[in-house]
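What follows draws every value from the coordinates through simple rules; no lab data is involved. Computed from a predicted structure; not experimentally measured. Ideal geometry is used to build each Cβ from the backbone, glycine not excepted, and the neighbour counts take in all protein chains shown.
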Amino acid sequence: MTTNLEFSKWGSVFTDEQMAAAMIDRLSHHGHLLMAVGRNYRMEHVLMRQDAVVEPAS
């Protein structure tokens, strides 16, 4: 499972804070958490294109 949401925002996805907490508990107990830090490969390559137009995040 991959996501770009922090755990504190999972309740808005599952519409239930308790369900989100239970899922996080089970996933973190039986899995491995990997956090990618640093520059984004895809964003770097899109910015290298001369004709790319990047919209600011809202």
So for R0 = 25 Å, FRET eff. of HIS45-THR15 from the Cβ-Cβ r, to 0.05, ends up at 0.10
For the pair MET1 and SER28, how long in nm is the line joining their label points, each one 7 Å along Cα→Cβ? 1.2 nm
Diffing segment 10-23: the Karplus 3J(HN,Hα) column from phi (6.51, -1.76, 1.60, θ = phi - 60°), in whole Hz with x for Gly and Pro, holds 5, x, 6, 6, 8, 6, 8, 4, 5, 5, 5, 4, 5, 5
